[in-house]
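Colleague: Let me give you the structure first, and then I'll get to my questions.
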Amino acid sequence: MQEFDYDLFVIGAGSGGVRAARIASQYGARVAIAEEYRVGGTCVIRGCVPKKLFTYAAHYSEDFEDAAGYGWTVGETSFDWATLIANKDREIDRLNGIYITNLEKAGVEVFETRATMRDRHSVYLVKEERHVTAKTILIATGGTPNFDPTIDGIEHTISSNEAFHLEELPKSIVIAGGGYIALEFACIFNGLGVDTTVIYRGERVLRGFDDDVRDLVQQSMIDNGITIDVGDVFTNIEKTEAGLIGHTQKGKSLKADQIMFAIGRSPNTDGLGLANIGIELNGKGAIKVDEYSRTSIDNIFAVGDVTDRVNLTPVAIREGHAVADNEFGGKDVIVDHTEIATAVFTTPEIGTVGISEEEAVATFASVDVYKSSFRPMKSILPGRNNKMLMKLIVDADTDRVVGCHIVGPAAGEMSQLVGVAVKMKATKADFDATMAVHPTAAEELVTMREPTTRHRRDS
C-alpha cells in the first residue's frame, strides 16, 4: 500500500509550479497540481504575455507617424479597444489550454481549486472538500498586487490585473508607482491615446536601475506626453459622477477616469495555512527558503515570487526545474541568482544585465564606464528626436564587464545575448575583439574604446 497519494503536490500552476510538476513527472514521480484561478499563472494570464501584446498595440501610433518619413501615406487610423481585448483573450485562452494539455501529457493530475496546507504531508482541496497527501509539497503561488489600505477610497482603484479587462479604454488614467509595471502601463495607455499621469513618491522612477537609464526613460516618457509627478503620493480617492479624483499629499487633485495602483507586489501566502504547520516567513510575508528552495520544513519547497528572491518568470521556471531535478532526478542543482538579464517594455525599452554604475563604484576599487548616446537610425528620416543609450560597466582591475545597460529599440532582445557574455565573465577586451555588425545599434557595444568616466577609490 502506498504511503502517500502523490510523490509531489504543487500548489500554484504558474510558470515555476508547472515546470516543477512536468519535470518531476518525467522522472517517474506521481504528481498533482492545484490552481484556483487559471493554469499559466501571473505571467501568462495577467502579466508578461498580455502586457507585451498591449505594448505592441501601443507602438502602432508612433509607427503610423514615422511611416511618412519613409514615403508612406497612411490614411485615417482608429483604434478599437474591444478588438484588442477580444484578441488578447483568445490568445490567453489558447496558452491556458496548452499549459493544461502539456501537464496532462506529462501525466500530471490537475485540480482546478484552491489548495491549503493542513500538515507537512497533507493538502486540502477546497472545491472538492477533501484532503490529499504527498511526500513532497511545492508552494508556487506567486505574488499579488499591493494596495495602500490606509487610503480612503482605495476600493475605487484598479491594479494591473483589472487593467487587462477594462470594458472601455479610459480617456484619462493616473498610475501610482514608479517601478517597471507602473511605467510599462503608463507607456501602453499613453500610446493608445489616453491622457496619462504617473505619481511616484521618489524623486526618480525605476529605483534600483542604473541612474543614466532612470534619467533617460523618465525624460523620454515626459517628452512623449506623460505627466510624471514625483515626490508625491495619494492621500484619498474620491469617486464622483464625472470620474475619480485623487487627492495628494502636496495638495493636488488629479482627475481621471481610472486610477491604477502599481506600487509593487506581495508574496501570495495569505490563507494557505503556512503558520499552522510552522513554515517560516520573512517580514514581507515571503516564504523563507535555502539555496535549494527548501522551506523550514524539509519536505516542503517554495519557488518563484512567493519567496521574494528575484521576481521574474524565468527565475521561477529555473527554480522549479531545479527542485524537480534535485528531488526526483538525483541531481544537485543550485540556481544562481546573479547576473540575470531583464527587460522593461517601456517606451523606450530597457534591457539590462549585471550591476549599475552606482553599485559597481560601491563594489570595486576601480571602475571604467563606457557610454554612448545617439539617435536610432530608424528615427532619423521621420525626424523623431528620441535617444538611445548603450552603457558598459567594467571592473578596471580585471577588465571584466560587470554590467550592461541598453535603452532603445530591441533593448530586451540585445540584453538576452549580452547576458551570455556577462555570465561567462567576458572582458572588455573580449568585446573589443568582437567584430561589429553594421549598421546596427548593437555595434556600439563592441566599438566603444575610451571610457567616458573613470572611478578610482582612494586607498
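Every number in this text was worked out from the coordinates using simple rules, so none of it is lab data. Please read these numbers as outputs of a predicted model, since none were measured by experiment. A quick note on method: Cβ atoms are made from the backbone with ideal geometry, for glycine too, and the neighbour counts reach across all protein chains shown.
Colleague: Using label points projected 7 Å from each Cα along Cα→Cβ, tell me how many nm separate residue 73 and residue 280, to one decimal.
Modeller: 7.2
Colleague: What's the ranking of 251-258, 345-352 by average number of surrounding C-beta atoms within 10 Å, highest first?
Modeller: Working: 251-258: 16.0, 345-352: 24.4.
Final packing ranking: 345-352, 251-258.
Colleague: So what's the back-of-envelope 222 nm ellipticity for the chain, counting only DSSP H runs of four-plus at -39500 (n - 2.57) apiece and dividing by all residues, rounded to 500? Don't skip to the answer; put the middle values down first.
Modeller: Values: 14 runs with 146 residues, N = 459.
Rounded to the nearest 500, it is -9500 deg cm²/dmol.
Colleague: Using a Förster radius of 22 Å, what is the FRET efficiency between residue 432 and residue 453 based on their Cβ-Cβ separation? Nearest 0.05, please. Don't jump to the answer; show the numbers that get you there.
Modeller: Details: r = 18 Å, r/R0 = 0.81.
According to the calculation, E is roughly 0.80.
Colleague: With only Lys, Arg, Asp and Glu charged, each at its Cβ (+1 for the first two, -1 for the last two), find how big the charge dipole of the chain is about the Cα centre; round to the nearest 20 debye.
Modeller: Values: 47 positive and 67 negative charges, 69 e Å.
I would put it at about 340 debye.
Colleague: Determine Rg/Rh for the chain; Rg is computed over alpha-carbon atoms and Rh is the Kirkwood hydrodynamic estimate from the same atoms.
Modeller: Numbers: Rg = 23.9 Å, Rh = 24.1 Å.
Ratio of gyration radius to Kirkwood radius for the chain: 0.99.
Colleague: Between residue 98 and residue 384, with labels modelled 7 Å along Cα→Cβ, what's the label distance in nm to one decimal, could you check?
Modeller: 2.8
Colleague: Shifting gears a bit: Kindly provide the Kirkwood hydrodynamic radius of the range 342-456 in Å, to one decimal, from all pairs of distinct alpha carbon atoms.
Modeller: Details: mean 1/r = 0.0699 Å⁻¹.
By the Kirkwood definition, the hydrodynamic radius is 14.3 Å.
Colleague: How far apart, in nanometres, would the label points at residue 203 and residue 238 be if each is projected 7 angstrom from Cα along the Cα-to-Cβ direction?
Modeller: 3.2
Colleague: Based solely on C-alpha atoms, express the radius of gyration and the Dmax of the range 1-144 in angstrom.
Modeller: Spelled out, the Cα radius of gyration and Dmax of the range 1-144 are 20.9, 76 Å.
Colleague: Work through the residues other than residue 265 whose Cβ is under 10 Å from its Cβ and net out their charges, Lys, Arg +1 and Asp, Glu -1. Provide the component values of the computation, followed by the final result.
Modeller: Details: positive: none; negative: 305, 308.
Net of charged neighbours comes to -2.
Colleague: Jot down the radius of gyration and Dmax of the range 154-262, Cα atoms only, both in angstrom.
Modeller: For the range 154-262, the Cα radius of gyration and maximum Cα-Cα distance read 13.2, 43 Å.
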